[in-house]
1. Among the numbered conditions (1) of a type outside the set (S, T, N, Q); (2) more than 26 Å from Met83 (Cβ to Cβ); (3) out of contact with any Ser or Thr (no Cβ under 7 Å at 6 or more places or on another chain), tell me where Cys396 comes up short.
2. It is to be established whether one or more residues within the stretch 317-326 are crowded, with 21+ Cβ neighbours inside 10 Å and closer than 20 Å to Phe394 by Cβ.
3. Taking into account only those residues within the stretch 201-256 that are polar (S, T, N, Q) and assigned to a loop (DSSP other than H, G, I, E, B), which is modelled with the lowest pLDDT?
4. I need the helices (runs of 4 or more DSSP H) fully contained in the stretch 126-196, keeping only those with at least 3 residues that are modelled with pLDDT of 90 or more, over 26 Å from Gly398 (Cα atoms) and not charged (D, E, K, R).
5. Do you know which residues across the stretch 328-379 are surrounded by fewer than 17 Cβ atoms within 10 Å (Cβ to Cβ) and modelled with pLDDT under 90?
6. For Phe89, which of the numbered conditions (1) of a type outside the set (Val, Ile, Thr); (2) surrounded by 14 or more Cβ atoms within 10 Å (Cβ to Cβ); (3) within 21 Å of Asp127 (Cα to Cα); (4) at pLDDT 95 or above fails to hold?
7. For the stretch 289-313, give me each residue that is part of a loop (DSSP other than H, G, I, E, B) and either crowded, with 19+ Cβ neighbours inside 10 Å or in contact with a Leu (Cβ under 8 Å, 6 or more places away or on another chain) (or both).
8. Scan the stretch 186-231 for residues that are without any contact (Cβ under 8 Å) to a residue 24 or more places away in the chain, in contact with a helix residue (DSSP H, G or I) (Cβ under 7 Å, 6 or more places away or on another chain) and not hydroxyl-bearing (Ser, Thr, Tyr) and jot them down.
Amino acid sequence: MEQTIQQTHVVRNRTPSQNIGLKFFKMIHKLLALIVIAWLMNGMFTFVMPYFPNFLRYGTFALWLAVALVTKPKFAENYFKRMLPLLLFFTYILIVSFFTDYEYISLYPKNILYLIIIYSIFLYYVDNRYRKFQKKILTFIIFDLLFIGINTYLKLIENPQISRYLSAGTEAREMYLGATSVLGIGNYGFFYGLVSIILLLGFLIFYTRKLKILYVLLLFASIALMIKASFTIAILFAFIFLFMIILMKYVNKNIVLLVAPAFLILMVLARNGIAQLFNKIGALEFVSFDVSVRFYELASFFSNHSIDGTDLLSRLDRYKMSIYAFLNNFISGTTIGYNQGYLPGGHSTWFDLLALFGVFSIPFFLFLIQAYKHSVNLAPVKFHFFVKLYWMYFLCLGFINTVLFANIFIIWLLFLPFLINYFFGKKEMDLEEKS
């Protein structure tokens, strides 16, 4: 109370010119944050990014963070408390990367830095004093997502494989796309981030009274775009977790959270039934050739038929590579205890981190646990289930695919928490009672 009175007294004693200068300073600081978000979204501002070199991009964030830490001592204290595990892990991989030419580690410093950047912005602006700016961030991200979605749909009409080629790496991109403009087109990170937005729309459709028609239209448009882009795992996850949201309306929430492991058990006990289901999905007319092939591969796997030469077998082998690499280098990981016989597979973020860094990856997972608890605590009680659900989705995705992408981090750790906090954090959500 005394501190608040002192702050009010200081504000009253400022001259008009000082107040104008302070407002301008705060505006510039917020603008820096928006520039950083625009850079990492890889959306409509991608067209100007070629004129904005890397040193300016990282310098913009460094300037923003320096100002945030210096001007807000309480934020600095909270920042290092929550970010310490991640900062320690980043420092470790940065040091290791300087002393090894191990090719598998090359992308990790940059990807973990993206995570640090995005979560830093989240920690600073999650304070309710910045609710108005939260709205500006949300508005910007929503318009950027709409731009990417529309632009991607138009490009997919011209080339149905363009999003998949963008996700296949630089060499494949140059080979298949050549000089084709790929700016502002949804890639792997966009579509796997889109799944969590689909889950949010599903949740709002079943558990709110207002804007149902808008949510339904956005849900169908998002699913149609995802199917057109032919990301099979994204499609599977979207429908599995949507089913869990629907089930939640009629079953105890804690039981619903057991659906995912129960589904895995079911796939073991009812292999033939699962195989027939995947065969029928693969035969649907509106399903693209690439997606059909993946479902037929799954059907063959559950039917105990040969999957030699398939993408599925290759993926399973890569999971095994990472697991074996970790088990044989579980202390230091393959980065230091380098053994040519044990390499990470490159298809599972969590297994690959363990394989590369061994027990030294523990700080990263401690950071995720802290971030998860923070997300749940910030959300209104009636949203706790949904927060747990979308976190479960990203954690499951990390086991069978890669998740260390800037646009995934933005949706996961910035957009969804801000949206829930801004629109539903200050007032009770108009939820329908369970029937």
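1. (2)
2. yes
3. The extreme case among them is Asn252.
4. Result: 131-158.
5. Once the filter is applied, which keeps residues that are surrounded by fewer than 17 Cβ atoms within 10 Å (Cβ to Cβ) and modelled with pLDDT under 90, the stretch 328-379 yields Asn328, Phe330, Ile331, Ser332, Ile336, Gly337, Tyr338, Asn339, Gln340, Gly341, Gly346.
6. Phe89 satisfies all of (1) of a type outside the set (Val, Ile, Thr); (2) surrounded by 14 or more Cβ atoms within 10 Å (Cβ to Cβ); (3) within 21 Å of Asp127 (Cα to Cα); (4) at pLDDT 95 or above except (3).
7. Applying the first criterion (part of a loop (DSSP other than H, G, I, E, B)) to the stretch 289-313 yields 303-310.
Residue satisfying the conditions is Ile307 alone.
8. Kept after step one, since they are without any contact (Cβ under 8 Å) to a residue 24 or more places away in the chain, are these residues of the stretch 186-231: 201, 204-205, 211-220, 224.
Checking the rest, the ones that are also in contact with a helix residue (DSSP H, G or I) (Cβ under 7 Å, 6 or more places away or on another chain) come to 201, 204-205, 212, 215-216, 218-219.
Selection gives Leu201, Leu204, Ile205, Lys212, Val216, Leu218, Leu219.
The values are calculated or read from the model by the stated rules, or taken from the named source; none is laboratory data. Everything numeric here is computed off the predicted structure, so don't read it as measured data. Methodologically, a virtual Cβ is constructed for each residue, glycine included, from the backbone with ideal geometry; neighbour enumeration extends over all protein chains shown.
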